[in-house]
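Sharing a structure, written as structure tokens. Questions coming.
The values are calculated or read from the model by the stated rules, or taken from the named source; none is laboratory data. Predicted model only: the values in this text are computed from it and were never measured. In this analysis, Cβ positions are derived from the backbone assuming ideal geometry, glycine residues included, and neighbour counts consider all displayed protein chains. Only protein heavy atoms, including side chains, enter the accessible area calculation; ligands, DNA and RNA are left aside. Shrake-Rupley method; radii C 1.70, N 1.55, O 1.52, S 1.80 Å.
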Amino acid sequence: MKILVTGANGQLGQEVVKLLRAKHKVFGLGREQLDITNAQQCLFVLDEHQPDVVIHSAAYTAVDSAESEEEKAFLVNGEGTKSLAIAAERVGAKFCYISTDYVFDGTATQAYREDDETNPQSVYGKSKRAGELHVRSLSSRAFIVRTSWVYGRYGGNFVKTMLSLAKTRDSLKVVHDQFGSPTYTLDLALFLEQLIQTEKYGTYHASNSGVCTWYEFACAIFEESGIGIRVEPCTTEEFPRPAPRPKYSVMEHGAILANGFEDMRPWRDGLRAFLNELKEE
Ligand SMILES: NC(=O)C1=CN([C@@H]2O[C@H](COP(=O)(O)OP(=O)(O)OC[C@H]3O[C@@H](n4cnc5c(N)ncnc54)[C@H](O)[C@@H]3O)[C@@H](O)[C@H]2O)C=CC1
């Protein structure tokens, strides 16, 4: 299969390219090779490469900055996704759009289903939902894959931040009133690899399974790494941020199971695997 990956220098993009390269012909394109806000370039580059599948992981991902850069966030996540979806449809490619738990408002008390109503609270979430709507209306072969709390070898993320803070601090306060599911980029990439080979189009929730708070996630990182540091739970109000975070963004994996895929492993197993990978480096 010929697979074109956007955002190939990003945290997820690099993992996807590395994994898929073993079995497929992969075109991993960073912003320098394909700026998705350039509609003409999207048409030209896809026409040139004639991919069977486009995995669209490029995005404006600065959640807090998006609050003051609304136009930029919508240009990349909304319009950019639209241009790419049009170009993919023209060459008959399957289109896999990576989306986010931030499309939900986080007021639920039980896990969100794929067809639950979206109601994003942040500019970033609204711009990603705009991307979802374009994909649904323009692509006849679309996978929309919502993920959450992503970490992995490439790029900055919560796990790496915790490990680096532990080098200089004796104690840390971490938010204990936001619930979600951490996701290891390798586990997500393994799921995407299976998904794109099918024609089981639709919306998927793909995070590692299980639920925790950021505080519980931090505790697990230190426990699994054998680091003795005091971690104290705190509230979101103690760490005000420009963009509102969903309080509860746990996502049910109904589509994964209904379509016969194996569920993604528990988040703590993914974390353990990632920490082992870091140790081996
Ligand atoms: N990091 C996280 O916790 C989560 C991420 N996601 C989604 O997962 C996907 C991958 O995220 P990450 O790899 O973590 O983000 P990232 O920020 O590491 O990578 C995004 C990449 O997109 C590129 N990009 C930005 N504007 C572009 C443009 N105009 N044209 C081409 N490329 C452009 C950036 O240069 C960057 O390399 C994104 O769609 C994001 O919205 C969803 C849920 C959680």
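Determine, at each q value in 0.22 (inverse angstroms), the log₁₀ of I(q)/I(0) that the Debye formula gives when each Cα of region 1-112 is one equal point scatterer.
-1.18
If you place +1 on the Cβ of every Lys and Arg, -1 on the Cβ of every Asp and Glu, and leave all else neutral, what size is the dipole of region 126-281 about its Cα centre, to the nearest 20 Debye?
The calculation lands at about 580 debye.
Against the longest alpha carbon principal axis of the chain, how many degrees, from 0 to 90 and to the nearest 10, is the axis of helix 185-195 turned?
The two axes meet at around 30 degrees.
In addition: Along Cα→Cβ, 7 Å out, is where each label goes; now give me the distance between the ones at residue 115 and residue 136 in nm to one decimal.
Label at residue 115, label at residue 136, 1.1 nm between them.
Can you list the residues, at least 5 places off or on another chain, whose amide H is less than 5 Å from the amide H of residue 94, using H built in the peptide plane?
Counting only residues 5 or more places away or on other chains, the set is 53, 54.
Let me ask something additional. Write out the GluC sites (Glu not before Pro) in region 1-52 meeting two conditions: DSSP loop, and at most 10 other Cβ atoms within 10 Å of their Cβ.
Counting only loop positions with at most 10 other Cβ atoms within 10 Å, the GluC sites (Glu not before Pro) in region 1-52 are 32.
I'd like to check one number: the per residue accessible area of the chain, probe 1.4 Å, reported in Å² as a whole number.
Per residue, the chain has an accessible area of 45 Å².
How large is the dipole of the chain about the Cα centre if only Lys and Arg carry +1 and Asp and Glu carry -1, each at its Cβ, rounded to the nearest 20 debye?
Rounded to the nearest 20 debye, it is 540 debye.
Sticking with this structure for a sec: Scan around residue 175 for amide H atoms under 5 Å from its own, H built in the peptide plane at 1.01 Å from N, and keep only partners 5 or more places away or cross-chain.
215, 234
Amide H of residue 60 versus every other amide H placed in the peptide plane: which residues, excluding those fewer than 5 positions away on the same chain, fall under 5 Å?
77
Measure nothing but the geometry: give the 0 to 90° angle between the long axis through the Cα atoms of 123-138 and the longest principal axis through the Cα atoms of the chain, rounded to 10°.
The answer is roughly 30 degrees.
Same structure, new question: For region 155-164, in order, what is each residue's ³J(HN,Hα) by Karplus, 6.51 cos²θ - 1.76 cosθ + 1.60 with θ = phi - 60°, in whole Hz (x at glycine and Pro)?
x, x, 6, 4, 4, 5, 4, 4, 5, 7
Using the Cα centre of region 1-158 as origin and beta-carbon charges of +1 (Lys, Arg) and -1 (Asp, Glu), tell me which of 22, 46, 112 is placed farthest towards the positive end of the dipole.
Farthest towards the positive pole: 22.
For region 1-150, what is the charge dipole size about the Cα centre, in debye to the nearest 20, if Lys and Arg each add +1 at the Cβ and Asp and Glu each add -1 at the Cβ?
Roughly 720 debye, rounded to the nearest 20.
In whole Hz and in residue order, list the ³J(HN,Hα) couplings for region 242-254 that follow from phi through the Karplus curve 6.51 cos²θ - 1.76 cosθ + 1.60, θ = phi - 60°; x for Gly and Pro.
Using θ = phi - 60°, the values come out as x, 9, x, 9, x, 5, 9, 10, 7, 10, 5, 9, x Hz.
So, one more: With springs connecting C-alpha atoms under 10 Å apart, model the chain as a Gaussian network and identify which of 258, 218, 58 has the largest mean-square fluctuation.
258
Same structure again: Explain nothing, just compute: Karplus ³J(HN,Hα) = 6.51 cos²θ - 1.76 cosθ + 1.60, θ = phi - 60°, for every residue of region 83-93 in order, whole Hz, x for Gly and Pro.
Those phi angles translate into 4, 5, 5, 5, 5, 5, 5, 5, 9, x, 8 Hz.
Of the DSSP beta bridges with both residues in region 86-237, give the percent that are antiparallel, rounding to the nearest 5.
10
Between 27, 104, 74, find the one with the highest GNM mean-square fluctuation for the chain; connect C-alpha pairs within less than 10 Å.
Taking springs between Cα atoms under 10 Å, the residue moving most is 27.
Tell me, what % of the accessible area of the chain is carbon and sulfur with a 1.4 angstrom probe?
48
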